[in-house]
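Contents: one structure, followed by commentary.
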Amino acid sequence: MRAFILSLPAWIQPVIIIAGTIVLAYSVAIIFSLFFDVRQLESSTDLISSVYQVLGTIYAILLTFSLWGVWQNFTEAGNSVQNEAYGLLDLVHMTESSAHLKNANVRQTALDYAKCVVNEEWRTLQSRTHASLFAHEKSRSLSLQLVKEVQNIIPSDQREMAIFGQTIKTLNDWLDSRRTRILKAEGNSAKSLWPLLTTGAVLLFGFHGLFVAKSMGIWVALLFGLSLTIGLAFYLIFSLDCPFAGTLSVDAEPFEMAIVILSVQKSNETSGRLL
């Protein structure tokens with residue numbers, strides 16, 4: 001079901017999730033109401049209200065917990081993208097801080113890596129299929145090439161040794177950010193919570209069907225508001241649980257900025273050589 005919803009256009013996904021929740025609410029509420037006599041329900045209104053209130057409170061806590069969990073993962077995914085792109089720029093800056101440390105291949109490899117992530121790997125992350133092994137392997141090969149280029153640098157004095165040590169630390173942090181981005185792209189951290197969320201919603205909708213309102217319009221309106229709110233929460237959880245897909249996805253802006261900066265630096269260096 002998750003793969004099917006993700007395969008749909010972004011604007012259809014909220015419609016499917018929210019509309020499905022509303023249809024589920026009315027179906028469950030009507031079915032529950034058929035099992036009881038109206039007079040019995042009217043005489044037990046206080047008891048039903050008490051239980052309904054407890055269920056609503058517990059379910060609100062469950063929704064809050066779920067939203068907080070997926071939001072944390074979503075935030076970590078966004079931070080990993082920023083740290084990876086900024087780490088790439090830091091590596092280039094550190095290796096060019098001294099004439100002896102400077103390695104022209106580091107800048108070019110970093111630029112190629114950023115372009116590969118934006119132009120090829122990002123589509124794989126958005127599709128959530130990981131079918132494009134070529135894009136993933138190309139990015140991996142470029143990352144290994146960058147590691148090799150940095151490790152091949154030989155410092156000549158104490159100052160450059162200190163800079164090189166910091167460069168190696170930055171390199172390790174960059175690799176950790178890259179691994180985190182790829183790991184967080186899997187999403188689906190709320191997989192184990194969906195059965196609880198669905199069961200809780202069904203119980204809440206069912207108890208709403210046990211209420212007897214003087215006006216059917218009021219009963220319908222209250223259930224619509226409840227189901228709409230829960231549907232919106234479902235969509236938010238579902239979207240945040242797919243960090244690189246959908247309308248709320250993390251974008252590649254940090255890498256695009258890195259490409260611009262590295263390209264400008266390369267252009268300036270080329271112009272300087274011509275002059």
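Could you list, ordered by first residue, the pairs with Cβ atoms under 6 Å in which the first is in the stretch 137-165 and outside any helix (DSSP H, G or I) and the second is modelled with pLDDT of 85 or more and buried (at least 17 other Cβ atoms within 10 Å of the Cβ), at least 6 apart or interchain?
PRO155/PHE164
Among (1) of a type in the set (Val, Ile, Thr); (2) farther than 30 Å from PHE244 by Cα; (3) at pLDDT below 80, which single condition is THR124 missing?
Result: THR124 fails condition (2) only.
Here are ALA85, ALA77: which of them is more than 16 Å from GLN166 (Cβ to Cβ), modelled with pLDDT of 95 or more and under 18 Å from the mean Cα position of the chain (by Cα)?
ALA85
Among the residues of the stretch 24-73, write down those that are closer than 23 Å to SER192 by Cβ and among the aromatic types (Phe, Trp, Tyr).
TYR59, PHE65, TRP68, TRP71
Please list, ordered by first then second residue, the pairs with beta carbon atoms under 7 Å, 6 or more apart or interchain, first in the stretch 249-274 and under 11 Å from VAL118 (Cβ atoms), second assigned to a helix (DSSP H, G or I) and modelled with pLDDT under 90.
Close Cβ pairs (under 7 Å, with a partner that is assigned to a helix (DSSP H, G or I) and modelled with pLDDT under 90) amount to ALA252/TRP122.
PHE205 passes all but one of (1) more than 14 Å from ALA29 (Cβ to Cβ); (2) among the aromatic types (Phe, Trp, Tyr); (3) crowded, with 18+ Cβ neighbours inside 10 Å; which number fails?
All conditions pass for PHE205, except number (1).
The values are calculated or read from the model by the stated rules, or taken from the named source; none is laboratory data. Note that the structure is a prediction, hence the values are computed from the model and not measured. For neighbour counting, all protein chains shown are included, and Cβ atoms are generated from backbone atoms with ideal geometry for every residue, glycine included.
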